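A.B. asks: Structure in structure tokens, see below.
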Amino acid sequence: MALKIISTSDGSHSIYNDEIHETYHSVHGSINESNHVYINSGLKYFLDQEKKKKVAVLEIGFGTGLNFLLLNNYINKTEQKVYYYTIEPYPLPEEILKKLNHVSILGNKTKDIFKTIHKSEEKNIRIGENIIFKKSRVCLEEISLEKNSFDIIFFDAFAPSKQPDIWSLQNLSKVYGSMKKNGVLVTYCSSSKFKKSLTDIGYDIEVLSGPIGKKEMVRATKR
């Protein structure tokens, strides 16, 4: 597998995987996409709706760690407490990580955090005063998720056309079972098959405006 760092339209880096011919983020802006889909449409939306002091986030597809860095920056402006659990079966090599420009864009305060989250594995660690973080090197198919545990799901795997197994009805049902009532799942994907699967499982779905360069995204709620 050959990985290549690319620049996206907002100046932030992403990575191109030439084995599956797919980028880790939108070429129209990796930070813009992550902020739009996961922070604004997911985290911020849920906190505005539910007013919880403590929330649990599950991320499917850790990748570069960008979603977490953006969440950390947002949470630092609040008194919100977050438990953040993410899975990544294929972690990025250090030679790629050290060339990414996310830290230089998001601020030097994220430098040590960036190193910590990529080195940590299989144990809870504290990030600042408000976040507990854990990362597992495991596939969604292999993991056992506790029922009614998570408030927010960041579903950020590669597209269904590239990794269809991750988006299977079985996996989506497993994630549904792990969510608390009124929990939300957000993702850039808005394919018809995916939306039908969510509806069949029992999610209420909303088709929202997508980030720059993409017409639509999906937010699904467990009622």
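A.B. asks: To make sure I understand the rule: partners must be lysines, Cα under 16 Å from the Cα of K180, and not fewer than 8 residues away in the same chain. Which ones qualify?
C.D. replies: Correct list for K180: K51, K52, K53, K54, K147, K222.
A.B. asks: Beyond 17 Å, how much of the Cα-Cα pair distribution for segment 107-223 remains, as a whole percent?
C.D. replies: Across segment 107-223, Cα pairs with separations above 17 Å total 62 percent.
A.B. asks: When the chain is fully extended, how far beyond the present Cα-Cα distance does I6 get from H28, taking 0.36 nm per residue of separation?
C.D. replies: 6.8 nm
A.B. asks: Would you compute the Debye intensity of segment 95-160 from its alpha-carbon atoms alone, equal scatterers and no solvent, and pass along log10 I(q)/I(0) at q = 0.12, 0.24 Å⁻¹ to two decimals?
C.D. replies: -0.44, -1.31
A.B. asks: With +1 on each Lys and Arg Cβ and -1 on each Asp and Glu Cβ, and nothing else charged, work out how big the dipole of the chain is about its Cα centre, in Debye to the nearest 20.
C.D. replies: Dipole about the Cα centre, nearest 20: 700 debye.
A.B. asks: Let me ask something else. Under 18 Å Cα-Cα from K193, which aspartates and glutamates qualify once same-chain neighbours fewer than 8 residues away are excluded?
C.D. replies: Once the sequence-local aspartates and glutamates are set aside, what remains near K193 is D156, D165, D204, E206, E216.
A.B. asks: Check cross-link reach from K98 to the lysines: straight Cα distance under 22 Å, and skip same-chain residues fewer than eight apart.
C.D. replies: In chain and number order, the partners are K4, K109, K111, K115, K119, K134, K135.
A.B. asks: Further question: Rounded to the nearest 0.05, what FRET efficiency do K119 and A159 have when you use their Cβ-Cβ distance and R0 = 35 Å?
C.D. replies: About 0.80, to the nearest 0.05.
A.B. asks: Label points 7 Å out from Cα along the Cβ direction at N148 and D18: separation in nm?
C.D. replies: 5.1
A.B. asks: In sequence order, what are the phi-derived ³J(HN,Hα) couplings for segment 69-84 according to the Karplus relation 6.51 cos²θ - 1.76 cosθ + 1.60 with θ = phi - 60°, rounded to whole Hz, with x for glycine and proline?
C.D. replies: Karplus values, whole Hz, x for Gly and Pro: 4, 5, 4, 4, 4, 5, 5, 4, 8, 10, 10, 5, 9, 9, 9, 10.
A.B. asks: Here's a follow-up. Please figure out what share of the DSSP beta bridges in segment 1-147 is antiparallel and state it in percent, rounded to the nearest 5.
C.D. replies: 45
A.B. asks: Hey, if you put +1 on the Cβ of every Lys and Arg and -1 on every Asp and Glu Cβ in the chain, which of Y188, Q163, T8 ends up farthest toward the positive end of that dipole?
C.D. replies: Y188
A.B. asks: While we're looking at this one, here's another question. Residue by residue through segment 176-183, which ³J(HN,Hα) values in whole Hz follow from phi under the Karplus form 6.51 cos²θ - 1.76 cosθ + 1.60 (θ = phi - 60°), with glycine and proline marked x?
C.D. replies: 4, x, 7, 8, 6, 4, 6, x
A.B. asks: A follow-up question, please. How large is ³J(HN,Hα) for each residue in segment 191-203, as worked out from phi by the Karplus curve 6.51 cos²θ - 1.76 cosθ + 1.60 (θ = phi - 60°), to whole Hz, x for Gly and Pro?
C.D. replies: Computed from phi, the couplings for segment 191-203 are 5, 4, 4, 4, 5, 5, 4, 4, 5, 4, 6, x, 5 Hz.
A.B. asks: Hey, got a sec? Which GluC sites (Glu not before Pro) in segment 2-79 land in a DSSP loop and have at most 16 other Cβ atoms within 10 Å?
C.D. replies: E19, E79
A.B. asks: Something else now. Taking just the alpha carbons, could you work out the radius of gyration and Dmax for the chain, both in angstroms?
C.D. replies: Cα radius of gyration and Dmax of the chain are 16.2, 45 Å respectively.
Every number here is computed from the coordinates shown, using simple stated rules; none is lab data. All figures in this text were calculated on a predicted structure; none of them were measured in a lab. Positions of Cβ are generated from backbone atoms using ideal geometry, with glycine treated the same way; all protein chains shown enter the neighbour counts.
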